[in-house]
């Protein structure tokens, strides 16, 4: 396995080169610009067979991807933040037409105020679009997840977005163990398309008007497709692990078995939480990490099974975006809903952190655990939502 | 009607020409009435009809397909011989009821 020093963007572009998709339609945007730039170099250098469509906007990028996927192509694109927001309308169409498009997403906050740095507001704004969402913890996982996403998308006939935190992952150089081109090709296999618009022997209509009589049934079918996704992700991850030695689940746990406090995080901050857990354990705090990796579908049954334990007294959720519902961030809202039927209902507390790319430090996460200990001792959480690293 | 398990993936329509199965004639408020004696078979109506509802055989106007005619009245307006006139469907319905009585 070739070992390389790559930034997240380089790793994702490399995965795209090895996948060698039929069509890539993309419009560069910070912090994912390099993915498109590097990939277009691969196209110019003849290293891929891809038809690269440079478009005038992300709305057009996703539209061209939909067209190419309808025609039966293996299609990929890449975007971030405002770009994903501009794709919003077409994201729903890609999912409802059941097109296995894979999107390399780099997490960046949404305007206003204008900001190019990391938070999860962009992809959280797409969480109900019918796309599968996988959040990587580092460059290695972004690379591996994109390769797995091709298989997942083409088996579930649903589009997948793989997210990597802007700058923290996209621009930081890390060691990445890449696969050989042959390994990638043999893992992803032949492209399967749910239908082909250009197959003249089987003429079809795509995207017809669908009113009160059938729209509901088609939406139910889409929901059912999402119901099939968890085992597909697990199967693909298992096969990937057996072949290449790196295993990924729907979520990751660390020091969780005997934990009385669980800290939940997603994306790059989970690595920081791991370090905090190690230090806190040395100080005698029974703290563990739950990293939600797959956010769509939300693996609520498995999370209930994991967290419905008498020793777990408190779950502190770190959310890198807010729902503006005044109930906290999206991870808290969904996890609390998943735990509604728990026998051993833990207390829950949400912390919004890192908006607009503000750093989060080990010491701040340790404060979460210190405060958590007080909550456990007093038996109640004072405020349901708090903010980390915010000036009052 | 089919349940969600029986439907095609992605709401595609797996065969061509299914627009024929969607009869739009019941949207009509006014019906075109064709007076064959005035017709010179210029086929302006055929050219202008947005719903392909003018029936033509051997190059001659043969009538109007009311399964699809939405009653827009373009044929009546374009006809150079006033061979097509528009009549309100309610009037036609009333006359039919009177006949039955």
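The values are calculated or read from the model by the stated rules, or taken from the named source; none is laboratory data. The model shown is predicted, which means the values in this text are computed figures rather than measured ones. Every residue, glycine as well, gets a Cβ built from its backbone with ideal geometry; the counts of neighbours run over all protein chains shown.
Key figures for this structure:
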{"quantity": "Residue match in the range A:172-188 (condition: in contact with a strand residue (DSSP E or B) (Cβ under 9 Å, 6 or more places away or on another chain), more than 13 Å from chain B (Cβ to nearest Cβ), surrounded by 20 or more Cβ atoms within 10 Å (Cβ to Cβ) and assigned to a loop (DSSP other than H, G, I, E, B))", "calculated": "yes"}
{"quantity": "Meets criteria (in a loop (DSSP other than H, G, I, E, B) and either in contact with a strand residue (DSSP E or B) (Cβ under 9 Å, 6 or more places away or on another chain) or assigned by TED's automatic domain parsing to the domain that holds residue A:150 (or both)) for residue A:48", "calculated": "yes"}
{"quantity": "For residue A:342: the one exception among (1) within 18 Å of residue A:251 (Cβ to Cβ); (2) surrounded by 18 or more Cβ atoms within 10 Å (Cβ to Cβ)", "calculated": "(2)"}
{"quantity": "Qualifying residues in the range A:219-245 (those that are within 12 Å of chain B (Cβ to nearest Cβ) and crowded, with 18+ Cβ neighbours inside 10 Å) - the one farthest from residue A:132 (Cα to Cα)", "calculated": "A:221"}
{"quantity": "Residue list for the range B:1-29, filter: part of a helix (DSSP H, G or I) and either farther than 18 Å from residue A:205 by Cβ or over 26 Å from the mean Cα position of the chain (by Cα) (or both)", "calculated": "B:4, B:5, B:6, B:9, B:10, B:11, B:25, B:26, B:27"}
{"quantity": "Residue in the range A:111-132 that is buried (at least 24 other Cβ atoms within 10 Å of the Cβ) and within 14 Å of chain B (Cβ to nearest Cβ) present", "calculated": "no"}
{"quantity": "Filter pass, residue A:285 being assigned to a loop (DSSP other than H, G, I, E, B), in contact with a strand residue (DSSP E or B) (Cβ under 9 Å, 6 or more places away or on another chain) and within 25 Å of residue A:157 (Cβ to Cβ)", "calculated": "no"}
{"quantity": "Residue within the range B:35-42 that is surrounded by 11 or more Cβ atoms within 10 Å (Cβ to Cβ), more than 9 Å from chain A (Cβ to nearest Cβ), free of Cβ contacts under 8 Å to residues at least 40 places away in the same chain and over 24 Å from residue B:93 (Cα atoms) present", "calculated": "yes"}
{"quantity": "Filter result for residue A:67 (crowded, with 22+ Cβ neighbours inside 10 Å and at pLDDT 95 or above)", "calculated": "no"}
{"quantity": "The listed residue being within 14 Å of another protein chain (Cβ to nearest Cβ), touching a strand residue (DSSP E or B) at 6+ places or on another chain (Cβ under 8 Å) and either in a helix (DSSP H, G or I) or within 29 Å of residue A:70 (Cα to Cα) (or both), out of A:208, A:203", "calculated": "A:208"}
{"quantity": "Residue B:18 vs. criteria surrounded by 11 or more Cβ atoms within 10 Å (Cβ to Cβ), within 14 Å of chain A (Cβ to nearest Cβ) and touching a residue at least 12 places away in the same chain (Cβ under 8 Å)", "calculated": "no"}
{"quantity": "Leading residue by the ranking (nearest to the other protein chains (Cβ to nearest Cβ)) among those in the range A:189-200 that are under 15 Å from residue A:150 (Cβ atoms) and loosely packed, with under 14 Cβ neighbours inside 10 Å", "calculated": "A:192"}
{"quantity": "From A:110, A:103, A:197, residue being modelled with pLDDT under 95 and either in a strand (DSSP E or B) or touching a helix residue (DSSP H, G or I) at 6+ places or on another chain (Cβ under 7 Å) (or both)", "calculated": "A:197"}
{"quantity": "Leading residue by the ranking (surrounded by the most Cβ atoms within 10 Å (Cβ to Cβ)) among those in the range A:278-306 that are within 23 Å of the chain's Cα centre (by Cα) and farther than 23 Å from residue A:226 by Cα", "calculated": "A:289"}
{"quantity": "Single condition residue A:204 does not satisfy, out of (1) free of Cβ contacts under 8 Å to residues at least 12 places away in the same chain; (2) surrounded by 14 or more Cβ atoms within 10 Å (Cβ to Cβ); (3) farther than 20 Å from residue A:74 by Cβ", "calculated": "(3)"}
{"quantity": "Residues within the range A:255-282 that are closer than 25 Å to residue A:124 by Cβ and in a loop (DSSP other than H, G, I, E, B), tallied", "calculated": "4"}
{"quantity": "Sole exception among (1) within 19 Å of the chain's Cα centre (by Cα); (2) part of a loop (DSSP other than H, G, I, E, B) for residue A:95, by number", "calculated": "(2)"}
{"quantity": "Those helices (runs of 4 or more DSSP H) lying entirely in the range B:44-101 with at least 2 residues surrounded by 15 or more Cβ atoms within 10 Å (Cβ to Cβ) and at pLDDT 95 or above", "calculated": "B:44-48, B:74-78"}
